[in-house]
């Protein structure tokens, strides 16, 4: 499993567009030279960034729930920014 | 587990800054009214977006490895954009 | 005769809008705090920046034509950038 | 006397830079393809936009002072935005 800077940038670019931050999307597209990346945008599903972030949180949740001793613990109010 | 739009926006804003996309960061900060969010930036660790995306991929990897029948499968070349 | 920075900024902002540079107009509006200026946009005629620049060139033309000795001289190919 | 869109854009671009609106200058540079214009920036004196606007106002002042009947009139509070 690995990913490139270009891939992350593309997900961020799509996120900016999909959420209506059109000026940000334009400027980021220019500043990151998004049009010169080799990514086929047609392969990227809608809301891809949000989807992967959600799964990342599920992973964190699983890590915390298991704990170091392998015992499950309860999770309350786990948030993206902690 | 849940997260708000403000939280995702903050991670994206930080990402733009940390990767040196200063014009994009400025414009996104303005367009998303980042300064009006209630997020305490001091609580957000460096490279938070990259970190959560990596964990999201680990989660996807685990999903694929397990498969529907519960049997493990090999994973080759799983990438962020597939 | 005098003019303020706010006035020049407003003419530039209008120019960006009128010529279809919408991302630039947005960013400049934010960066120059255009909404906090006291200028009544309704008083600013269309293409105001272009109009004043044209008159500035006519003034330069007159200066050159007259010369220091008061005698008229011919003008050829006077351009905005010389 | 004439000037091109590229010339006006270059003066505006320089103005944005000279006045410290760096994000705006970047975005306008991209949006107007300033790097593809044929203008030799070395030939453009500092504060060129401000200078030409000042001369434009002097021209307007002269027009008003002379009036239609050729008689001089007093000018009070002529400003850039009227």
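The values are calculated or read from the model by the stated rules, or taken from the named source; none is laboratory data. Since the structure is predicted, the reported quantities are computational estimates derived from the model, not experimental observations. Reconstructed Cβ throughout: ideal geometry from the backbone, glycine too, with neighbour counts over all protein chains shown.
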Review point. Is it the case that residue D:27 is within 9 Å of another protein chain (Cβ to nearest Cβ) and under 17 Å from the mean Cα position of the chain (by Cα)?
Key: no
Practice item. With the checklist (1) modelled with pLDDT of 95 or more; (2) more than 10 Å from chain C (Cβ to nearest Cβ); (3) more than 19 Å from residue C:5 (Cα to Cα) in hand, flag the one item residue D:42 doesn't pass. Key: (1)
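Pull up the range D:68-80, narrow it to residues that are surrounded by fewer than 18 Cβ atoms within 10 Å (Cβ to Cβ) and at the interface with chain C (Cβ under 7 Å from one of its Cβ atoms), then point me to the one that is modelled with the lowest pLDDT.
Looking only at the range D:68-80, we keep the residues that are surrounded by fewer than 18 Cβ atoms within 10 Å (Cβ to Cβ), and these are D:68-79.
Pick out the ones that are also at the interface with chain C (Cβ under 7 Å from one of its Cβ atoms) and you get D:78-79.
On the way: D:78: 61, D:79: 70.
Applying the filter and picking the extreme gives D:78.
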Exercise for review: Exactly one condition in (1) more than 8 Å from every other protein chain (Cβ to nearest Cβ); (2) within 19 Å of residue A:53 (Cα to Cα) is not met by residue B:55; state its number.
Suggested key: (1)
Practice item. Answer with yes or no whether residue D:63 is out of contact with any strand residue (DSSP E or B) (no Cβ under 7 Å at 6 or more places or on another chain), modelled with pLDDT of 95 or more and within 9 Å of chain C (Cβ to nearest Cβ). Key: no
Exercise for review: Under 8 Å between Cβ atoms, at least 6 apart or on separate chains: pull out the pairs that start in the range C:1-22 with a residue that is free of Cβ contacts under 8 Å to residues at least 40 places away in the same chain and end on any residue that is part of a helix (DSSP H, G or I) and exposed (fewer than 14 other Cβ atoms within 10 Å of the Cβ).
Suggested key: C:10/C:41; C:14/C:41; C:19/D:5
